[in-house]
1. Ignoring everything except DSSP H segments at least 4 long, calculate the 222 nm mean residue ellipticity for the chain; use -39,500 (n - 2.57) per segment, divide by total residues, nearest 500.
2. Can you give the angle from 0 to 90° between the axis of helix 108-131 and the longest principal axis of the chain, with both taken from C-alpha atoms, to the nearest 10?
3. Please quote Rg/Rh for the range 25-134 to two decimal places, taking the Kirkwood radius as Rh and restricting both calculations to Cα atoms.
4. Angle between the Cα long axis of helix 137-162 and the longest principal axis of the chain, 0 to 90 degrees, nearest 10?
5. Find how much the distance from residue 133 to residue 27 grows on full extension, using 0.36 nm per residue of separation minus their present alpha carbon separation; answer in nm with one decimal.
6. To the nearest 10 degrees, how steep is helix 3-20 against the longest Cα principal axis of the chain, on a 0 to 90 scale?
């Protein structure tokens with residue numbers, strides 16, 4: 001399958017799965033997984049940075065339209081797409097500098113570091129914009145930590161289930 005078609009299918013699938021299934025999960029009032037950020041996290045490194053920022057905006061806007069959240073998902077997605085190169089360089093080092101990252105072949109620790117940083121930053125921006133109050137920083141941090149842990153676990157499970165087996 002062509003890479004462009006594969007990315008379009010991932011984009012549409014993640015938007016619909018997020019809006020139809022995961023937006024309806026609200027455990028203990030503040031745990032909600034946001035697996036759609038997997039699209040941004042696993043998007044190929046070699047592509048144009050402006051293109052991923054544009055796609056991230058469109059991804060977040062799609063979630064905002066279905067969730068009626070007024071642009072907070074779009075803002076959080078654009079922010080993590082913008083700082084993604086810094087997180088990639090921090091997590092993968094020399095591999096990123098040579099633009100040879102293949103997410104199926106990197107070590108688990110590096111992948112977990114990258115995914116954790118990206119998820120925590122996304123969730124912090126999202127929840128801070130949602131509450132938009134410095135006095136509620138404890139609630140923002142609480143929602144960020146618990147939702148991030150749940151999101152990271154789900155993304156790891158999904159990537160293990162749908163990854164190509166390499167020998």
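1. The per-residue figure over the chain is -23000 deg cm²/dmol.
2. With both axes taken from Cα atoms, the answer is about 30 degrees.
3. 0.99
4. 40
5. Contour length minus Cα-Cα distance gives 35.9 nm.
6. Taking Cα atoms only, the helix is inclined about 20 degrees.
Coordinate-derived values only; no laboratory data. These numbers were taken from a predicted model, which means no experiment stands behind them.
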